[in-house]
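Quick note: the coordinates plus some simple rules give every number you see, no bench work behind them. All values derive from a computational prediction rather than experimental measurement. FYI the Cβ positions are ideal-geometry reconstructions off the backbone, even for glycines, and counts take in every protein chain you see.
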Amino acid sequence: MLVSNNSGPRFSPYGDEDRTEAATGGPADRRWVAPTAADPLNARIMLPGSKSLTNRELVLSALADAPSLLRRPLHSRDTRLMVEALRSLGVDIEEVDGDGAFGPDLLITPPDELTGSVSIDCGLAGTVMRFVPPLAALALGPVAFDGDESARRRPMRTTVEALRALGVDVNDDGRGTLPFSLWGRGAIRGGELAIDASASSQFVSGLLLAAPRFEEGIVLRHTGEHLPSMPHIEMTVQCLADRGVRVDSPEPGVWVVEPAPIAGLDVTIEPDLSNAAPFLGAALIAGGTVTVDGWPARTTQVGADLTHLLPHFGATVRHDADGAVTVDGGEGLRGGRAISGVTLDLSTGGELAPALVALAALAAGPSTITGIGHLRGHETDRLAALTAEITALGGAIRELEDGLALEPATLTGGPWRAYEDHRMATAGAMIGLVVEGVEVDDITTTAKTLPEFPELWQGLLA
Ligand SMILES: O=C(O)C1=C[C@@H](OP(=O)(O)O)[C@@H](O)[C@H](O)C1
Ligand SMILES: C=C(OP(=O)(O)O)C(=O)O
């Protein structure tokens, strides 16, 4: 397929006015010039806990019938927002000594009754805005939800309509986004419910997590055409199973949860395998090896797919006997080893897309990555953002209805806007390994799921 990189005006999620400002860089303390890799890598890293697992276990611990201990939880903006949301609803969450690797463990004691009359800040966290409302509807009293300016662009209609269909009073302005408020009555009857979750799997996960506490449980049916991120729904089902709640799926797109107690749990959170993507991808770009320690032997995290996705780009992947995964990128781009173009359907793992698109932008052949149309509703419109930033560096990329198409091109350095999106910032860092002068306008966006990113990235190159 022929792709042109200069086909008329492009949408900018910042709007035209802000483009000049952003192109000159964000606030000085947030700007970050991506370090280039002079030599092939020989790095070994430990990654902090999974955002998706930490926030699921926090929600389930809040609804459980006994205390839970989360070992090695993630401490990041998204998990802090979840902790604060649950605390405000009456959940006791205490930081206790852990093994010290990545901050304290969390001891969570659920209240007898969740309490309302609170406002919840969702920040930009999809897991907070989609998982907390069904739980908050079990509280007594009003609960208001809002978030960052950019969070007000993320799809929320399915949560709002689902709660109404379950008999919850919801006040909103009809736009299907934050802000909105609900009036919890201390209980939800539950039963049959049809929703369209094509914009986000998190609509399904949020309802399933709270459903064991509904009087009649739930029979949840997805009616839309596509359902993205299925592994994240499987993760939800597994987390419930680990706490004694059975979820049946009699047919694809239907889940049945019986009312049941949710058990307290002592659980160790796995490292975040989606956040492994830029680090493992770095081996393909700079060459050499990157090893991620503590790779779980069995997991529901979609990041585990990296071990068979990265070989499509030309990487060699090894599962080491000590539970580590090593990616070998050979001589790397500077040593003459090319990255292969790919044709990928990423509908199950959209969250890996920014890192894989960064690899595709450096590839020697054309790439087509599809199944990711719903990324337009992520932290930013990721398809527009990747297109704008890669184009600005001289890349050849264009948007498809549900994905991106890239052609080989020589990239040159320049500003790289993060659009408040952690994965945009890390995609810029990847390209900057071999393209001198890529300046990310706001590296602090990585605090959403990996506040340690700048130090870990520097350590990769040490
Ligand atoms: O449930 C979760 O923890 C997530 C589900 C996915 O959301 P979408 O289905 O909206 O892509 C994923 O992209 C997001 O990063 C985390
Ligand atoms: C889409 C993402 O986040 P969220 O949980 O906010 O949806 C992501 O981390 O890539």
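The value of relative contact order for the chain, using C-alpha pairs under 8 Å at least six residues apart, is 19 percent. Once you order the gyration tensor axes a ≥ b ≥ c over the Cα atoms, which shape class does segment 51-268 get: rounded for a/c under 1.5, otherwise prolate or oblate by comparing a/b with b/c? Rounded, because the longest to shortest axis ratio a/c is under 1.5.
Decide, for segment 336-401, between rounded, prolate and oblate: order the square roots of the alpha carbon gyration tensor eigenvalues as a ≥ b ≥ c, take rounded if a/c falls under 1.5, and otherwise choose prolate if a/b is larger than b/c, else oblate. Cα axes put segment 336-401 in the oblate bin. Would you please classify the overall shape of segment 422-461 from the alpha carbon gyration tensor, given that a ≥ b ≥ c denote the square roots of the eigenvalues, rounded means a/c under 1.5, and beyond that prolate means a/b larger than b/c while oblate covers the rest? Since a/c reaches 1.5 but b/c is at least a/b, the shape of segment 422-461 is classed as oblate.
Computed log10 I(q)/I(0) for the chain at 0.08, 0.10 Å⁻¹: -0.45, -0.71, from the Debye equation with unit scatterers placed on every C-alpha and solvent omitted. Among the GluC sites (Glu not before Pro) in segment 355-462, those located in a DSSP loop and surrounded by at most 14 other Cβ atoms within 10 Å of their own Cβ are E401, E436. Between S150 and D99, the simple spin-label model (points 7 angstrom out along Cα→Cβ) gives 3.4 nm.
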